[in-house]
Amino acid sequence: MRSPYTLDNPPPDEPPSEVLVPSLWRVQARWWKRHTPALDQRSARHPVCGHCSQSWPCHSWACWDGQLGQAVGGPTAPRSLPEPGPATPVRPIGAVVAAAKS
């Protein structure tokens, strides 16, 4: 999940109120900011990450951005599980072997 943050609107240092683990937010936001292009790279056609020098957006930035997105996006909606179908009857192994021989 992408975060709502951009280079022009980076994540705040202090976590928003809906974040469940504030100390984790601070780490994620710090690394998100580290893995952005250097100021002289931001207008480049193919910017590189100022921290790891990979083509930007680098893999690390994408990971941190996804984690921030999950933190502000709230918990995912619970999935509904399908209704269980009829149970398969359990037969003794001997009955299975006998049926296979006939």
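Entry remark, the stretch 26-61: residues being of a type outside the set (D, E, K, R), part of a helix (DSSP H, G or I) and either surrounded by fewer than 13 Cβ atoms within 10 Å (Cβ to Cβ) or at pLDDT 95 or above (or both) number 9 in total.
Check off (1) exposed (fewer than 14 other Cβ atoms within 10 Å of the Cβ); (2) in a helix (DSSP H, G or I); (3) modelled with pLDDT of 90 or more for Gly94 and give me the number that stays unchecked. The failed condition is (3).
The values are calculated or read from the model by the stated rules, or taken from the named source; none is laboratory data. Nothing here was measured: the structure is a model prediction, and the numbers come from that model. Glycine also receives a Cβ, built like all others from the backbone with ideal geometry; neighbour counts cover every protein chain displayed.
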